[in-house]
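The values are calculated or read from the model by the stated rules, or taken from the named source; none is laboratory data. Only a predicted model underlies this, so the values are computations on that prediction, with no experimental measurement involved. A quick note on method: Cβ atoms are made from the backbone with ideal geometry, for glycine too, and the neighbour counts reach across all protein chains shown.
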Amino acid sequence: MKKSAVKAVSALLSVFLFITVLAACSSNGNNAPANATKAPTNATNAPETEGATNEGGGTKLGIDISKPVELQFYMLGDAPKDLDFIQAEINKMAKEDLNATVNFNYTTWTDWDQKYKLLLGSGQQVDLIFTAEWTQYQSYAKKGAFQPLDELLPVAAPKLNEFVPADMWEAVKIDGQIYTVPATYKEYVTNGFVWREDLREKYNLPKPVDIETFEQYLEGIKKNEPNMTPLSMNSDVKTNLMDVFTSIAHKPIGALPYGVGVDYETPGEVYSYWGSDEHKEDLITMKRWQDNGYMVKNVLAVKDTLQDQITSGKAAAILGDNPTRYNDTVINLQAAHPDWKLGYYPYPLTNGIATPVHPIHNGYAIPVSSKNAERALAFYEKMVTDERYNLLTQYGVEGKNYEVVDGYYSLIGDANSNGFPREAMNGWAWRNPDFMLFDKNYDGVKAIFDELDKIQVPDKFTGFAEDYTSYQAEKAALEQVEKQYLYPLNAGLVKDVEEGLNTFMEKAKQAGLEKIQEEYKQQWLQYVQEQGIQ
Amino acid sequence: MKIKDDNYMKWFRLIAFVVILLTTLVCLFPFLLIISASFTQNESIIKDGYNLIPTVFSLEGYQTVFRFPKQVLQAYGVTTIVTIIGTTLGLFFMTMAGYVLQRKDFKYRNFFSFMIYFTTLFGGGLVPWYIMMTKYLKLTDTLTVLIFPGLMTPFLIILMKNFIRSAVPDEVIESAKIDGANDFTIYSRIVLQLSMPGIATVGLFLALQYWNDWFTSSLFINDPSKYQLQYYLYNVINAMSFIAQMGAGTGVSIGDMPTESTKMAMSVVVTGPILFLYPFVQRYFVKGLTIGAVKG
């Protein structure tokens, strides 16, 4: 009896010992790194000690700033090397203006979508976070992840409220309320043909302006440059090939999912593009391209980017690329092969659909977990409308990171040695057209933008928020079918197009295509009607 | 009879050697390809594909990896520290746990074993884990968060328990006790000495686990100076492909990134050091594999 009691006690003791060792280890570990972190921890301590001395600093503001706060600012991507210094400078000003300090956090590009979900879902303090249509702004807003800003804006950020045009505020509304502050800088991400101008001149080929002339160019390259692949393509034949192809061959309102078709001119009419004669003809064209050798046979296994294939001289044309990225390709090419030249022809000049990016494309929202919504919005106003904040967070320190030469932005040193290259904080959302500085190289893009400005038409598609909760299972099944049966068709690898298309349609219908299209159509028509889109 | 045997053995050996040699070559081939590709110019990889001997020799892959040498070295440091501390502490805890759990006089051993086993089947999932670490334990941006989660891996505890059970007979423990050894002495002087193969195996698993870990960094570390090596490098690749995809460039070119050769150079940089661990642990490893068999 006694012996077993002793044993039990000793067992218990060893458990305790085990736990304390564990605990001690974790708390020790906790202390050491805490001392090592420089900027962020200091920043938390600072306001508490200085807060009292700084009262009534900003009497003009309609919000209470008597209590010091620390704002958690979240952006996607990687933090620039000089961020600590920039943050300290910003904090000096923000302390004075708003009695607030800010901590700039970055998610990195690794698994950013998962982290984004965790930041919004875990309830940890996040005061400002980047939003875009590709971060699912619409569905997060619908689910109530962000605070509505309608009432806050005139109070906390009157200047910002006026700065952003009313139609932009209108455009970012979800269910009648504003959840994000949109960026006001206008840019185009519409596609255009990219080709090797030097080769085109050499063999006297037509200038690609539509699918027909583009195909003639490809044919010419195939004949004259047997070692080159005419068309640069990779395994993502959905986005890089079919979506782009349909956007120039037809006039779709946007890259619609599930094979739904809506023409730009007639948003109220919805049809099924998949399985239609139009679809079949497009696939036959793809097959012809594949048969004639414009694309490589193993295109579904290629992982290289389209641009890499051009700059390495492997391929001679990209079906469609946006002006900014085209400009980057030009710069890269100039460095590697100065004697090669590229040509560009924007689709909108052919089909008339020159849509600037939708205001949703870049924005900042205040998540529900924020306890300092007023201060966060006031701070964001500073970032956008105050030149000191804006220039510092977009371009770094003048004289150290950049200089202004003839009105152009000029990086000091190169991207490897400079700790803060242009827009290194990924500040796409708080760009202010009034303060923006451009590199000389960017003139090419601006010229294209100017041309597109003349024929600008509104983006009717991006504001639409799809709610797929009712057909989530079908959606996943359909994606599988699409990869298995449609991708080979897209790549032109199926011998009998008609039969292949029939098989795909049959499988897609089994997966629930009709239900998805019906639901999607209803939601879309409702959106069109509510927004009064014509 | 004897001659025949010898002949037979000769042939057997010859065939065995040839087969093993071929298998080794097959295993080695991809690795050689990686090394070769890491020294090839990126443009040439895209144009000509992979070759065993670089078509156009270039160090640009390594240049990109070591673009910011300070950061890479820092990441190396973090990973090394985490691996060493994590493996040492983890081995200590897990051998103790394994030892206690296999002692027949520990009444609740089945209950505790079950509890440990239970967590491998049912877990809270990612979000609760994340909330636990960030909100309650407040471990964001500490080295602890990189070490802590791996310290008590259920699978390794069970492995350790079984190793100890088969390596240390109860009678040994009993006799040690009669000689006046207390529980800790038995653990440190007898159990640890006898289960060296097991420790080596578990240690290797654990070290690999810490060395290859990037996910914890990805979730809990915001401060770039505390990134683990794997995460730092993985992130370089991701940033490159993302920038290429987004077309977020704004006129200031970051230069044509040699994606393919960088990936290969990274693999070499990352696998190199841990490769050296194998020869040291291997002899224990072999023993560990046979120990159960001898006992029958």
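From the set of residues in region B:106-152 that are part of a helix (DSSP H, G or I) and charged (D, E, K, R), which is surrounded by the fewest Cβ atoms within 10 Å (Cβ to Cβ)?
Out of the qualifying residues, it is B:LYS135.
Being in contact (Cβ under 8 Å) with a residue 40 or more places away in the chain and within 12 Å of chain B (Cβ to nearest Cβ) is the filter here, so list the residues in region A:430-448 that pass it.
Passing the criteria: A:ARG431, A:MET436, A:LEU437, A:ASN441, A:TYR442, A:GLY444, A:VAL445.
Which of the following residues is over 18 Å from A:ILE448 (Cβ atoms), of a type outside the set (Ser, Thr, Tyr) and touching a Gly at 6+ places or on another chain (Cβ under 9 Å): A:ALA373, A:ALA365, A:ALA335, A:ALA315?
None of the others qualify; the one that does is A:ALA335.
What is the number of the single condition among (1) away from chain A (no Cβ under 14 Å); (2) within 22 Å of B:PRO224 (Cα to Cα) that B:ALA167 does not meet?
Against the list (1) away from chain A (no Cβ under 14 Å); (2) within 22 Å of B:PRO224 (Cα to Cα), B:ALA167 comes up short only on (2).
I'd like the full set of residues that are buried (at least 19 other Cβ atoms within 10 Å of the Cβ), over 22 Å from A:ASP453 (Cβ atoms) and touching a residue at least 40 places away in the same chain (Cβ under 8 Å), limited to region A:181-211.
A:VAL181, A:TRP195, A:ARG196, A:LEU199, A:ARG200, A:PRO208
To keep it simple, each residue is scored yes or no on (1) facing another protein chain (nearest Cβ under 8 Å); (2) over 30 Å from B:ALA37 (Cβ atoms); (3) part of a helix (DSSP H, G or I); (4) at pLDDT 80 or above.
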residue	(1), (2), (3), (4)
B:ARG189	no, yes, yes, yes
B:TRP211	no, no, yes, yes
B:ILE243	no, no, yes, no
B:ILE254	yes, no, no, no
B:ALA265	no, no, yes, yes
B:VAL270	no, no, yes, yes
B:VAL281	no, no, yes, no
B:VAL294	no, yes, yes, no
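Inside region B:198-242, can you point out the residues that are within 19 Å of the chain's Cα centre (by Cα), surrounded by fewer than 23 Cβ atoms within 10 Å (Cβ to Cβ) and small (Gly, Ala, Ser)?
B:ALA200, B:GLY203, B:ALA207, B:SER218, listed by residue number.
Which ones in region A:387-399 are touching a residue at least 24 places away in the same chain (Cβ under 8 Å) and either assigned to a loop (DSSP other than H, G, I, E, B) or within 25 Å of A:TYR179 (Cα to Cα) (or both)?
A:GLU387, A:TYR389, A:ASN390, A:THR393, A:GLN394, A:GLY396, A:VAL397
Of (1) in a helix (DSSP H, G or I); (2) surrounded by fewer than 18 Cβ atoms within 10 Å (Cβ to Cβ); (3) among the aromatic types (Phe, Trp, Tyr), A:PHE214 satisfies all except one. Which?
The single condition A:PHE214 does not satisfy is (2).
Is there a residue being in contact with a strand residue (DSSP E or B) (Cβ under 9 Å, 6 or more places away or on another chain) and in contact (Cβ under 8 Å) with a residue 40 or more places away in the chain anywhere in region A:471-479?
no
Before we move on, is A:VAL102 crowded, with 19+ Cβ neighbours inside 10 Å, in a loop (DSSP other than H, G, I, E, B) and modelled with pLDDT of 90 or more?
no
Can you tell me which condition A:TYR364 does not meet? The list is (1) touching a residue at least 60 places away in the same chain (Cβ under 8 Å); (2) within 14 Å of another protein chain (Cβ to nearest Cβ), and all the others hold.
(2)
Just to be sure I understand the filter: pairs with C-beta atoms under 8 Å, separated by 6 or more residues or on different chains, first member in region A:165-178 and among the polar types (S, T, N, Q), second member not in a strand (DSSP E or B). Which pairs pass?
Here the result reads A:GLN177/A:PRO148; A:GLN177/A:LEU149; A:GLN177/A:ASP150, each pair linking region A:165-178 to a residue that is not in a strand (DSSP E or B).
Please find, among A:ASP453, A:ASP467, A:ASP434, the residue that is at pLDDT below 85 and surrounded by fewer than 17 Cβ atoms within 10 Å (Cβ to Cβ).
So the residue among A:ASP453, A:ASP467, A:ASP434 that is at pLDDT below 85 and surrounded by fewer than 17 Cβ atoms within 10 Å (Cβ to Cβ) is A:ASP467.
Scanning region A:112-123 for residues that are more than 8 Å from chain B (Cβ to nearest Cβ) and among the hydrophobic types (A, V, I, L, M, F, W, C), which turns out surrounded by the fewest Cβ atoms within 10 Å (Cβ to Cβ)?
Out of the qualifying residues, it is A:TRP112.
Just to be sure before I move on: is B:THR87 among the hydroxyl-bearing types (Ser, Thr, Tyr), within 23 Å of B:THR185 (Cα to Cα), more than 11 Å from chain A (Cβ to nearest Cβ) and surrounded by 14 or more Cβ atoms within 10 Å (Cβ to Cβ) in the structure I sent?
The answer is yes for B:THR87.
For residues that are in a helix (DSSP H, G or I) and acidic (Asp, Glu), tally how many sit in region A:217-230.
Result for region A:217-230: 1.
Could you tell me which of the residues A:GLY444, A:GLY419 is under 30 Å from A:ALA94 (Cβ atoms) and of a type in the set (Gly, Ala, Ser)?
A:GLY419
Residues being farther than 16 Å from B:ASN212 by Cβ and small (Gly, Ala, Ser): count how many of those fall in region B:73-100.
So the count comes out to 3.
Given the conditions (1) more than 14 Å from every other protein chain (Cβ to nearest Cβ); (2) touching a helix residue (DSSP H, G or I) at 6+ places or on another chain (Cβ under 8 Å); (3) not in a strand (DSSP E or B), and given that A:VAL126 satisfies all but one, which numbered condition is not satisfied?
If we test A:VAL126 against (1) more than 14 Å from every other protein chain (Cβ to nearest Cβ); (2) touching a helix residue (DSSP H, G or I) at 6+ places or on another chain (Cβ under 8 Å); (3) not in a strand (DSSP E or B), just (1) comes out false.
Can you tell me which residues in region B:95-105 are surrounded by fewer than 14 Cβ atoms within 10 Å (Cβ to Cβ) and either away from every other protein chain (no Cβ under 13 Å) or within 14 Å of B:LEU156 (Cα to Cα) (or both)?
none
Going through region B:5-63 one residue at a time, which ones are surrounded by 10 or more Cβ atoms within 10 Å (Cβ to Cβ), more than 14 Å from chain A (Cβ to nearest Cβ) and not in a helix (DSSP H, G or I)?
Across region B:5-63, the qualifying residues are B:PHE39, B:ASN51, B:LEU52, B:PRO54, B:PHE57, B:LEU59.
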